[in-house]
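Every number in this text was worked out from the coordinates using simple rules, so none of it is lab data. Since the structure is predicted, the reported quantities are computational estimates derived from the model, not experimental observations. Cβ coordinates were reconstructed from backbone atoms using ideal geometry, including for glycine residues, and neighbour counts include every protein chain displayed.
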Amino acid sequence: MNISLILKNSFDQYKNFYQRLLPWGFFLAVAAAIANSFVLKLANDQVQIILLSLIIGTLFTSWPQMVLYKLSLQIESKGEADEDFNNEIAPRWGRYLTVMYAYQFLILAGLCLFIIPGFLLLTLFWFAPILLLDLNKDELIFENFFKQSQQLVKGNFWQVFSIMIYTAVFVSAPVLIISWANIKYAEIISSVWMALAAPYVYIAQIQTYVALKNMKKDELIKGEDNVG
């Protein structure tokens, strides 16, 4: 798997389809900002902030996340982004929330255990939310999302981890710089940057997913047969 090619292709896709992706990037940033304001009002200590951020943040941002994933999947598979996608993702919203909560609490538990297990789980199950949106209706079994994500990452752990870290730094580094510089309207500037950067991150994740899916097509089919 060519990491530099995936990142370059992701940027090219971003440039070609930014007009369809950016509105949802801003929707995601606004939802995250609103969720954060609720968390700060409700939480009394650091532990509550972390837990409420996971619960409320996931709830508020789940819909724009699903749309960005779905649009990126359409761009990668069809070379275009369809207008009508709500009917496809709406029935899966409840399951998406379940998968995201399970994913994030697994990571949190792993981070509490000497940090390294958290990064391991974060990487192994990085594609679980995408699989929920990509699999056919008869394949929507909870265990499938995590099992197939693990199958995709197996043998390509460090490549996936590298892309995941790159995209995380791409989004968070400017936010940290803005915060440290104590710039006026720092929160607004950070939110605008996150809105602009988020679609690129989702496309890069989808590009990685599709590359691994094509590499491991036969293995995934066997895995589905064993689950069934």
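Only helical runs count toward this figure. For the chain, summing -39,500 (n - 2.57) over DSSP H runs of n ≥ 4 and dividing by all residues gives -28500 deg cm²/dmol at 222 nm.
Of the peptides 92-100, 33-41, 196-204, the ranking by mean beta-carbon count within 10 Å, highest at the top, reads 196-204, 92-100, 33-41. Placing pseudo-labels 7 Å out from each Cα toward the beta carbon at SER162 and PHE38 gives an inter-label distance of 3.9 nm. Computed 3J(HN,Hα) for region 20-34, one whole-Hz value per residue from the Karplus formula 6.51 cos²θ - 1.76 cosθ + 1.60 where θ = phi - 60°, is 8, 8, 4, x, 6, x, 5, 4, 4, 5, 5, 4, 5, 5, 5, glycine and proline marked x. 3J(HN,Hα) couplings calculated from phi for region 174-190 with the Karplus curve 6.51 cos²θ - 1.76 cosθ + 1.60 (θ = phi - 60°) are, in sequence order, x, 5, 5, 4, 4, 5, 5, 6, 6, 6, 5, 6, 4, 5, 5, 4, 5 Hz; Gly and Pro show x.
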